[in-house]
Amino acid sequence: MQEFFTRDYTGGAFELFGPGHILWLALATVGGIVLIRAGRGADADGRRRLRRSFAVLLLANEFGRHLWALSQGSWTIQADLPLQMCGAMVWVTAFAFLFDVRRAFPFVYFFGIAGALQGVLTPDAGIYGLPHYVAIETLASHSSLVIGGLWVVLVEGFRPTFRHFWVIFGGLNLAALGMYFLNSALGSNYLFVNAKPPNASIVDLMPEWPWYILVLEIIAFAMFFALYLPFRRRETAASPAG
């Protein structure tokens with residue numbers, strides 16, 4: 001148990017698509033299917049209870065991560081503010097689900113799936129491998145965001161539009177611009193706009209700063225558009241002729 005929570009972890013690094021990672025992906029997939037099927041079969045009150053329970057678990061997982069960092073003396077303003085995309089989306093998703101704020105659904109859908117899916121498939125847990133607490137928390141947080149993004153379209157009936165696509169993509173660019181100046185002031189690297197991530201990642205294969213940001217822009221554009229594309233025909237058919 002001490003090794004499970006320790007800051008000075010001596011176990012192996014996270015094994016990408018190793019047995020533990022595959023097991024987690026399977027469990028998260030089954031859990032997401034069960035939750036979404038339950039939501040689709042529930043009435044309005046049942047869906048509300050499921051949403052709120054999901055939000056509470058999402059926040060509990062997030063608070064647990066901060067409490068762990070504080071207890072280990074590793075919490076810093078440069079790394080632990082909820083200013084990474086997925087860290088911010090935990091709060092946005094929880095707020096939307098707790099208070100039924102449907103205006104937030106585009107963020108939950110686009111950022112929750114496009115941003116968090118890569119965090120499930122290629123998690124950034126630092127030096128911590130499974131079954132360390134940080135690795136489990138990282139997987140749980142990102143998996144929950146993906147499930148939340150699927151929930152708003154499969155259960156709540158949210159239908160993204162072309163306008164949503166541009167608002168989300170434009171909002172990401174504005175956030176990145178603002179984050180550059182905040183990072184410069186704090187000495188941080190939120191959204192990785194001031195430098196490449198410190199841990200090994202796909203960004204290592206990209207050009208140096210600032211050119212890798214342009215590559216990430218193209219990838220984000222493509223992912224957001226791919227998420228909008230399944231709903232494009234329906235939106236076009238609903239548009240008035242001429």
Does L186 meet the test of being farther than 21 Å from D100 by Cα and more than 17 Å from the chain's Cα centre (by Cα)?
yes
List every residue pair whose Cβ atoms sit under 6 Å apart, with the two residues 6 or more apart in sequence or on different chains, where the first one lies in the stretch 10-37 and is surrounded by 15 or more Cβ atoms within 10 Å (Cβ to Cβ) and the second, anywhere, is among the polar types (S, T, N, Q).
A28/S143
Of a type outside the set (F, W, Y), buried (at least 16 other Cβ atoms within 10 Å of the Cβ), at negative phi and not assigned by TED's automatic domain parsing to the domain that holds G87, is that true of N199?
no
Listed residues R159, R102; which is surrounded by fewer than 21 Cβ atoms within 10 Å (Cβ to Cβ), under 17 Å from R40 (Cβ atoms) and touching an Asp or Glu at 6+ places or on another chain (Cβ under 8 Å)?
R159
Given the structure, is V90 surrounded by fewer than 19 Cβ atoms within 10 Å (Cβ to Cβ) and touching a helix residue (DSSP H, G or I) at 6+ places or on another chain (Cβ under 9 Å)?
no
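Residue by residue, here is whether (1) crowded, with 18+ Cβ neighbours inside 10 Å; (2) of a type in the set (K, R); (3) over 19 Å from the mean Cα position of the chain (by Cα) holds:
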site: A116; (1), (2), (3): yes, no, no
site: G119; (1), (2), (3): yes, no, no
site: T122; (1), (2), (3): no, no, no
site: H142; (1), (2), (3): yes, no, no
site: L145; (1), (2), (3): yes, no, no
site: V167; (1), (2), (3): no, no, no
site: F181; (1), (2), (3): no, no, yes
site: L191; (1), (2), (3): yes, no, no
site: M206; (1), (2), (3): no, no, yes
Would you tally the residues in the stretch 70-94 being within 15 Å of F54 (Cα to Cα), in contact (Cβ under 8 Å) with a residue 24 or more places away in the chain and not small (G, A, S)?
4
Verdict on R40 being of a type in the set (K, R) and in a helix (DSSP H, G or I)
yes
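The values are calculated or read from the model by the stated rules, or taken from the named source; none is laboratory data. This one's a predicted model, so the numbers in the text were calculated from it and none came from an experiment. Cβ: placed from backbone, ideal geometry, glycine included. Neighbour counts: every protein chain shown.
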